[in-house]
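Okay, structure first, notes after.
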Amino acid sequence: MISVFKFIFRLTGLGLLAVAIIAGISDASTSIAQSQMQLQPLGQLLFSLFPDTFPILQPAIERHVHPALWDPVLLTLMTWPVWAVFAPLGLAFLWLGARRRGYQPQFA
């Protein structure tokens, strides 16, 4: 059962890293084309993907989870570039799903 979860974590981690790489390449190509640094924030991407449900996200989180989660935490994450959010998440999921080797002492 644990191996199934590790497989799901590895698969999720690889997917998140793929999204981070695609977002990084997109930001780099846009920056080169416009001759200035252009990084797409996560909030802008989420609003373009979910224009109807994104505006009700703030009241829902503040009402049903906790008000402090929206203002310092999620609001800060919404201003970060997409690749800067998804890359660490992907690496964390890969770390959680890594195959561990048992410690075997080696004697010289």
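When segment 71-94 is limited to residues that are more than 17 Å from LEU46 (Cα to Cα) and in contact (Cβ under 8 Å) with a residue 60 or more places away in the chain, the one that is farthest from the chain's Cα centre (by Cα) turns out to be LEU94.
Rundown of residues vs (1) under 12 Å from ALA87 (Cβ atoms); (2) in contact (Cβ under 8 Å) with a residue 40 or more places away in the chain, yes/no style:
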{"site": "VAL4", "(1), (2)": "no, no"}
{"site": "ILE22", "(1), (2)": "yes, no"}
{"site": "ALA33", "(1), (2)": "no, no"}
{"site": "PRO41", "(1), (2)": "no, yes"}
{"site": "PHE47", "(1), (2)": "no, no"}
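For segment 87-108, residues that are within 20 Å of PHE7 (Cβ to Cβ) and either touching a strand residue (DSSP E or B) at 6+ places or on another chain (Cβ under 9 Å) or not in a loop (DSSP other than H, G, I, E, B) (or both) total 8.
We did not get these values from a lab; they are worked out from the coordinates using the rules stated. Every value quoted in this text rests on a predicted model; they were computed, and no experiment measured them. Here Cβ is always computed from backbone atoms with ideal geometry, including for glycine, and neighbour counts include all displayed protein chains.
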